[in-house]
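These notes concern the structure reproduced below.
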There are 2 protein chains.
Amino acid sequence: MCNACLIESVKHSMLSRRQLFAGAAATGAAAVAMGALSARPALAQAQGKVLDLTHVLDEKFPTFDGAPGIAYEEAVNFDTSGYQLWKLTIFEHSGTHIDAPLHFSKDGASVAELAPESLICPLCVIDISAKAKDDANAMLEASDVEAWISAHGEIPAGACVAMNSGWGAKVGTPEFRNTPDGKFAFPGFAKSATDLLAGMNVAAIASDTLSLDPGNSADFAVHYSWLPGGRYGIENLANVGQLPATGATIFVGAPKHARGTGGPARVMAVI
Amino acid sequence: MCNACLIESVKHSMLSRRQLFAGAAATGAAAVAMGALSARPALAQAQGKVLDLTHVLDEKFPTFDGAPGIAYEEAVNFDTSGYQLWKLTIFEHSGTHIDAPLHFSKDGASVAELAPESLICPLCVIDISAKAKDDANAMLEASDVEAWISAHGEIPAGACVAMNSGWGAKVGTPEFRNTPDGKFAFPGFAKSATDLLAGMNVAAIASDTLSLDPGNSADFAVHYSWLPGGRYGIENLANVGQLPATGATIFVGAPKHARGTGGPARVMAVI
């Protein structure tokens, strides 16, 4: 269905609600109806809980290559100047962050060029935490996508599909990045799954680990296929275990610096 | 926009309408509660257009002190490594960005400590562009707030109040920061207005210029009163002239680095 049809549909829905209330003739209810129509007390506020999907970024937050993702230098001192601010050094792919197409394609879209419409999406969450308990490099496979669809219905075009591997609980421990015996390992998407999602015109995939590909990936197959297709990814998504499988909307506060290959993002959901 | 969202939206709309109708016989409060439960996130998508309120940040974007707000250093080269990323140097208060309480109070809340619920707000836009045409240091005064309320109704607690001074159109020109004869000047909020808004428990104020205070402010009265009260500000908001006076919801993708006094943010509205 087209946007125009959708708008019409919503208008009709609103109109009939108004008619309904004209008949209901209850003062309290009429006030509610007006509230629903005016939409000023924000839709998103009024209708659901806000869940922050962003980890706090600091010098100790785990990174893919092990080097600190952020460094602080005092630029203005409060005692001297009466206000304060930092000069930050940030490696783009640190903390809860975006991978733009440009990260894995020489001339792909930068993070500033992502369509704003693609940053507010229906959110589908696929839970692979059971198998990730047995295999630190577990992958979200095409079969997991198919099972999710059987249980929850179609994945809408323009959606964001997030992996819940249970890894968020490990973020303050060495196991977020390595097995107990020191092997670089964490769950990720399988290319079979992301190829399937690309065919459904999914806008974004999100991982609750350090990467879209699993830790033991030799070829970054998902990065090299998903991103150059003009889609984006989110890594180190937080609080994924608190999300419903379906029904949430994700707001992706991607940074907007020119030529950016990605960068730390503020990501929230309304449930 | 997707079929599944639409179907969900319609389903929920119908369901909530039914609930509301049933609730109409009961109390208004019960109906309000049901309304709050209805219409999940689909609304955020279904009901409107996404408007990006964020300027692209680059080395040339105007800054308060005149020094570049961002610098780029190549960290990984595509031809050498098959992927690419930047090491960025960012002064926190650059581009479309947040002022957290910590920016103007020694021990205030950092940008990482802002309540996520305060980052998704009803948005009220007050237009002072007519007087700003005659005075580059025009202020959004208490009387402008009162006139807005007379025209549009109360400003809800938890809202974000944005100033439209028309300055967004000047962003690529020297006049964004200076008068044609070179005087540092741009519109801002008056303390009389922000004191009034603080009393209404407004969560945030947003300016379409370089600062919350006007360019000729000698005392940063708004920064020193608004921010230490635990509220935040947004500076250099883009596309404010395309917003309705009321009815939009703002999504403030504030950065989430520890101890941050603020930082570049991705800000969007759903209209």
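Does A:D134 satisfy the criteria of being out of contact with any helix residue (DSSP H, G or I) (no Cβ under 9 Å at 6 or more places or on another chain) and over 21 Å from A:E92 (Cα atoms)?
Values: out of contact with any helix residue (DSSP H, G or I) (no Cβ under 9 Å at 6 or more places or on another chain): yes; over 21 Å from A:E92 (Cα atoms): yes.
Considered against the rule, which asks whether it is out of contact with any helix residue (DSSP H, G or I) (no Cβ under 9 Å at 6 or more places or on another chain) and over 21 Å from A:E92 (Cα atoms), A:D134 comes out as yes.
Does A:P214 satisfy being without any contact (Cβ under 8 Å) to a residue 12 or more places away in the chain and more than 13 Å from every other protein chain (Cβ to nearest Cβ)? Write out each step before concluding.
On the way: without any contact (Cβ under 8 Å) to a residue 12 or more places away in the chain: no; more than 13 Å from every other protein chain (Cβ to nearest Cβ): yes.
For A:P214, the condition - without any contact (Cβ under 8 Å) to a residue 12 or more places away in the chain and more than 13 Å from every other protein chain (Cβ to nearest Cβ) - is not met.
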ask   = Filter segment A:90-120 for residues that are within 7 Å of another protein chain (Cβ to nearest Cβ) and among the β-branched types (V, I, T); which is surrounded by the most Cβ atoms within 10 Å (Cβ to Cβ)?
value = A:I90
remark   = Every listed condition ((1) more than 14 Å from chain A (Cβ to nearest Cβ); (2) farther than 21 Å from B:F104 by Cα) holds for B:A157 save (1)
task = Could you tell me whether A:A198 is under 23 Å from A:T249 (Cα atoms) and surrounded by fewer than 19 Cβ atoms within 10 Å (Cβ to Cβ)?
result = yes
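Looking at A:T173, A:T246, A:T261, A:T179, can you tell me which residue is crowded, with 21+ Cβ neighbours inside 10 Å and among the β-branched types (V, I, T)?
Values: A:T173 fails: crowded, with 21+ Cβ neighbours inside 10 Å; A:T246 fails: crowded, with 21+ Cβ neighbours inside 10 Å; A:T179 fails: crowded, with 21+ Cβ neighbours inside 10 Å.
Only one candidate passes the filter, namely A:T261.
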query = Residues of segment B:121-137 being among the hydrophobic types (A, V, I, L, M, F, W, C), buried (at least 18 other Cβ atoms within 10 Å of the Cβ) and either over 17 Å from the mean Cα position of the chain (by Cα) or at the interface with chain A (Cβ under 10 Å from one of its Cβ atoms) (or both), which ones?
reply = B:C121, B:L123, B:C124, B:A132, B:A136
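Residues that are in contact with a Phe, Trp or Tyr (Cβ under 8 Å, 6 or more places away or on another chain) and polar (S, T, N, Q): does segment B:124-139 have at least one?
Applying the first criterion (in contact with a Phe, Trp or Tyr (Cβ under 8 Å, 6 or more places away or on another chain)) to segment B:124-139 yields B:124, B:126, B:132, B:136-137, B:139.
If we keep only those that are polar (S, T, N, Q) too, we end up with B:137.
Yes, because at least one residue in segment B:124-139 is in contact with a Phe, Trp or Tyr (Cβ under 8 Å, 6 or more places away or on another chain) and polar (S, T, N, Q).
Kindly indicate whether A:A42 is within 8 Å of another protein chain (Cβ to nearest Cβ), at pLDDT below 50 and over 22 Å from the mean Cα position of the chain (by Cα). Before the answer, list the steps.
Working: within 8 Å of another protein chain (Cβ to nearest Cβ): yes; at pLDDT below 50: yes; over 22 Å from the mean Cα position of the chain (by Cα): no.
Taking the combined requirement at face value, the residue does not satisfy it.
Whether any residue in segment B:15-34 is at pLDDT 95 or above, at the interface with chain A (Cβ under 7 Å from one of its Cβ atoms) and out of contact with any Asp or Glu (no Cβ under 9 Å at 6 or more places or on another chain) is what I want to check. So that I can check it myself, show each step before the final result.
Applying the first criterion (at pLDDT 95 or above) to segment B:15-34 yields none.
No, that holds for no residue.
If you scan segment A:219-271, which residues turn out to be polar (S, T, N, Q), within 24 Å of A:G153 (Cβ to Cβ) and at the interface with chain B (Cβ under 7 Å from one of its Cβ atoms)? Talk me through it step by step, then tell me what you get.
Just the residues of segment A:219-271 that are polar (S, T, N, Q), to begin with: A:225, A:236, A:239, A:242, A:246, A:249, A:261.
Then keep just the ones that are within 24 Å of A:G153 (Cβ to Cβ); that gives A:239, A:242, A:246, A:249.
Correct list: A:T249 only.
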query = Has segment B:138-158 got any residue that is of a type in the set (A, V, I, L, M), in contact with a Lys or Arg (Cβ under 8 Å, 6 or more places away or on another chain) and surrounded by 15 or more Cβ atoms within 10 Å (Cβ to Cβ)?
reply = yes
request  = With respect to B:K87, determine if the residue is over 20 Å from B:G168 (Cα atoms), without any contact (Cβ under 8 Å) to a residue 40 or more places away in the chain and surrounded by fewer than 18 Cβ atoms within 10 Å (Cβ to Cβ).
outcome  = yes
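The values are calculated or read from the model by the stated rules, or taken from the named source; none is laboratory data. Please read all numbers here as calculations on a predicted model, not as lab measurements. All Cβ positions, even for glycine, are placed from backbone atoms using ideal geometry, and neighbour counts span all protein chains on display.
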